[in-house]
Amino acid sequence: MTLSIWRYCHLVSALLSSVFLIIASITGAILAFEPITEYAKGYAVDNLAEVSLHHAVEVLELNHKEVFSLAVDGNGSVVASVVDKTGNSTKIYVDIQSGDILGKPLKRPVVYEFTTNLHRSLFLKSVGRCIVGVFSLLLCLITISGFLLLIRRQGGIRYLFSPVKKENTQEYYHVTLSKWLVSPILLLAVTGVFLSAEKFSLLPETSVSQTEMQAPDLGTYEYRTLGSFKEISMSQLVLLEFPFSPDPIDYFVVKLKNRELRVHQYTGDILSEVHYHNAKLLSDLSFKLHTGQGSVSWSLVLFLTSISILFFLYSGTMIFIARKRRQAYPKPELSEKHAAEFIILIGSETGSTFRFGAALSSALVKAGKTTHMAELNTYSRYKNAKNLVVLAATYGNGEAPTNARKFSELIPTVDPTKTMKYSVVGFGSTDYPNYCAFAIQTDELLREKPRFIATTPLVKINKQSVNDFLEWVKLWSARLGVKLDIEGMHEEIQPRNLEDFKVIERSVLNDDHTFLIKVRPNKSIEFFSGDLLAVQWSDEEEYRLYSIAQISGDIVLSIKKHEFGKCSSFMEELKLNDQFKASILRNSDFHLSQKSKKVIFIANGTGIAPFLGMLSNSNVTDTHLFWGCRSRSSANIYSSMGLDLPTLAHRSYISYSRENKQYVQDLLRAESILLLDTLNSGGCIFVCGSINMQNEVLKVLEQIMPQGHCISDYQNNGQIKMDCY
C-alpha cells in the first residue's frame, strides 16, 4: 500500500468523522473532569491493599444494624448499603479501616448524565452506540494512517522524535504534538471500539472455568469464621453482597476483579468459583483507560487528548486548505508525450511543486514549444523529445516522493531514443540535513546515461523560493536560446501581527532618489539585521518588503523612491513622529552568525541596508564591504545618520556607475583571490540588492570557481547567502 493511499485514508476518514469527532472530543473533555471532581470530594480510601475483606465485614457489622452490600467504586471510594442504628436504609461512603462515615453518595450531576448519553450513543440508544463504534474505528484508521505519514515525513521510525522545523505554524504543531499524542489517541479509539463491541456481545463469553456449586452445610453455627475473607484484600473487591437471611442456605456473593465467589456465611468455605475470561478483564481495563476512573493524572491526559483532537481537526483543515492553494495552478495546454519537444517530469509528495511545472509549461507553450508534463514515475521513451526537465522535491529524510519512487528503477532500463538535454531542479529546505537529496540522486542517475547532456548544473530551490526558480528559468532559457515569460508567479507575503511603528529619524531625499528612515516599534519586538519589514501602505492589505538594519535597537531602512512606486512614495512622505502599520518577517537564512571569522558583504543601491546593521553590531573583525552606487553623493544620506561607510568594514570597496562606469562585479573580479580565500576558509558571502546585480555576481563567482566545485555547494552549506529583489 503506497503512501498516497495512507494520505487519502487519513484525509477521507477525518472528513467523514469530523462532526462526530468534534462531539466526542468536547464531551470527552467534559467527562474527563468527573473522576477529578470525585477524587476532590475526599471519599477515596488509601492503602486498600492493606485492609482485608474480613476486617471490613467486621467493622461494618459492628457499626450498623444490618449490611446489604459493600462495594469499591472506580475512584477508590468504599460504598456500603446499610441499615443504620435508627433503622433507616441508606448508602454511605465509609472509611473501611476505622468504620467512620465519610459522607453519602449524591445523585450524579445532570451535566455528566447528559454528556455521557451524548458521548456514548448520540441519544440514539443502540443505533447511536453502533454509530459511535464505527466512528471510533475510523478514529483508529485516522491515527494509524497519520502515524505512518509521520514516520515517512520524519524519514523513518528512528527519526520520529527528531526536531521539526517551524516553517508553517499549523503544520509544525500538527506534527510535533502528534508525536506525543498518537499513543493516547489510539488508546482512546481502540478502547472505544472495544466497549462498543462488548455492548453488542461481539466479545467471547466472560467465564472460562467454574467450579461446581457445593451444597452448603446446613448445621447450626454459633459464630462466623470467614477465614477465606482474610486472604482477600479490599483492593481486589468490586462488590460484596451479604446473605439475605441468617439461614446457612444463603451465602456471600463476592465479586472480585478477576473472579466471582460464593462463600458460606458461617464457615467461610468457598462454595463455587468463576474465573473471568480475558475479554472481561480487558473490558474492565478498557473502561478505566477510556474514562480515567481511579486516576487523576490519567484523567488529565484524557482531557488534553480530547482537546488535542479538536486542534488536529483545525490544524489538519488549515494544512489541507493551504496545500490546495499551493496545488492550484492554471492548467497548461499540453501535448501528447510522443509529440512534445519538452518533457517536464515532476516528483512531489504534496503536489505543490506542480505549480512550478505548470508555470514553466505555460511559458513554453506560449513561446510556441510543444510540452508534456507528467509525474516522474511515468518516465519512458519519448519519440520527439529534445529537452527533459526534472522538478524533484525531496520528502522525509532525503527520500523520493511517492510519485517518483519508481524513477530510479526505470532510468537504468529505459534509454532515450536519441540524445536529450536535461536539467534537474531540486526543491527542499536547508533546515533539514539531507537538503535536496533526491534531486542530487536524480541528477547523478541522468549524468551516468551517455545520451543525456546537462543544460544547467543541478539547481536547488530552498523553501520553494519563486525568485530562485525564476532565476533558474532565466539561466536555462538563455542556454537554450528560448525567451520565456513566466506569468502569475510571485513570492507570497504573509505578514502577521501588524504593529504600529513610529518614525524617529529620517534623511532628506538624496540626488539619486534614495533616503533613510529610522523607525521604532511601539512595543517590544525581537528582530535582527536581515529580517524583513512588511509595510502596509494601503487599507487593501497590500504590502512591500524592506530589508532591516537593526542599529541600537531601532530599525533603519534604506529606500529608493520610484516615480510610480506607491509604497516608496508613502514612506517618503512620512514625517517625524508619524506612525504606520507593519509586521516583522523573520528571515533567519540571511542572519549573520557571530561565529563567522571572515565575511564579505556585496550590495548595490539600497541593498546595503541590512549590512549597515550587521557591520554596526558584529564582532567579526575580518569584514569586507563591496557596494555599488551611482555617484559619491549617494553616500551622503548615510553619513547624515552617523554611518561612515568606508570605516564600517575592515575594508570597503565602492564603485560609482555614473562617474566612472564601474560596477560591483568589476570590483569583485579584481578581488577574486579574496573571494576564493573567504569561501575556502569557511567564511561567508552575503549578497543583497537587485536581481540584475545578483546575476552578475553569480557570473563572477562561476568564473572563479575551482574545478569540481559549484556555487550551489557553498549555498547549501550556508556560505553564500542572497536576498535580492
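A short reminder: the numbers here are calculations on the coordinates, not readings from a lab. All values reported here derive from a predicted model rather than from experimental measurement. Please note: Cβ atoms are built from the backbone with ideal geometry, for glycine as well, and neighbour counts cover all protein chains shown.
General observations
- Between the residues 285, 300, 352, the greatest Cα displacement towards the positive end of the dipole of the range 270-376, with unit charges on the Cβ of Lys, Arg, Asp and Glu, is found for 352.
- Across the cross-link table entries 91/255; 331/383; 598/721, which are compared at the Cα atoms, the separations over 22 Å belong to 331/383.
- In Å, descending, principal axis extents of the Cα set of the range 499-724: 53, 38, 32
- Calculated from the structure at hand, Rg/Rh (Cα atoms, Kirkwood Rh) is found among (i) 1.16; (ii) 1.40; (iii) 1.05 as (i).
- Note that the range 329-480, at 37 °C in a medium of 0.692 mPa s, gets a Stokes-Einstein diffusion coefficient of 216 µm²/s from its Kirkwood radius over C-alpha pairs.
- Separation between Cα centres of the range 34-106 and the range 639-697, rounded to whole Å: 85
- FRET efficiency for the residue 563 to residue 323 pair, using the beta carbon distance and R₀ = 41 Å, is estimated at 0.55.
- Taking each residue as 0.36 nm, the span from residue 104 to residue 482 lengthens on full extension beyond its C-alpha to C-alpha distance by 127.2 nm.
- Here the average projected area of the convex hull drawn through the C-alpha atoms of the range 222-319 stands at 9.1 nm².
- When the chymotrypsin sites (Phe, Trp or Tyr not before Pro) in the range 560-648 are filtered for DSSP coil states and for at most 10 other beta-carbon atoms within 10 Å of their beta-carbon, the remaining sites are 564.
- Burial ordering of 228, 245, 639, fewest other beta-carbon atoms within 10 Å first: 245, 639, 228
- Sorted fewest first by neighbouring Cβ atoms within 10 angstrom, 447, 262 come out as 447, 262.
- Potential lengthening between residue 88 and residue 288 on full extension [0.36 nm per residue; Cα-Cα distance subtracted]: 68.6 nm
- Using alpha-carbon coordinates, inclination of helix 296-327 to the longest axis of the chain, degrees: 30
- Cβ-based exposure ranking for 186, 289, in which fewest neighbours within 10 Å come first: 186, 289
- One quarter of the surface of the convex hull around the alpha-carbon atoms of the range 1-138 equals 12.5 nm², the direction-averaged projected area.
- Expected 222 nm ellipticity per residue - DSSP helices of 4 or more, -39500 (n - 2.57), all of the chain, to 500: -12000 deg cm²/dmol
- Long-range HN-HN contacts of residue 582 with modeled amide H, under 5 Å: 499, 501, 536
- The range 499-724 - share of DSSP beta bridges that are antiparallel (%, nearest 5): 55
- Between the helical axis of 466-480 and the longest alpha-carbon principal axis of the chain there is an angle of about 50 degrees.
- Paramagnetic label zone (point 7 Å from Cα along Cα-to-C-beta, residue 62; backbone N under 14 Å) in the range 81-124: 95-101
- Cα gyration tensor, the range 280-387 - rounded (a/c under 1.5), prolate or oblate: prolate
- Counting only alpha carbon atoms, the long axis of helix 691-704 and the longest principal axis of the chain meet at about 80°.
- Two-decimal log10 I(q)/I(0) for the range 98-175, as the Debye equation yields it once each C-alpha is a single scatterer, q = 0.22 Å⁻¹: -0.99
- Cross-link pairs 474/595; 661/699; 65/280; 463/575 - those with Cα-Cα distance over 30 Å: 474/595; 65/280; 463/575
- The length gained by stretching the chain between residue 500 and residue 406 to full extension, at 0.36 nm per residue less their Cα-Cα distance, is 28.6 nm.
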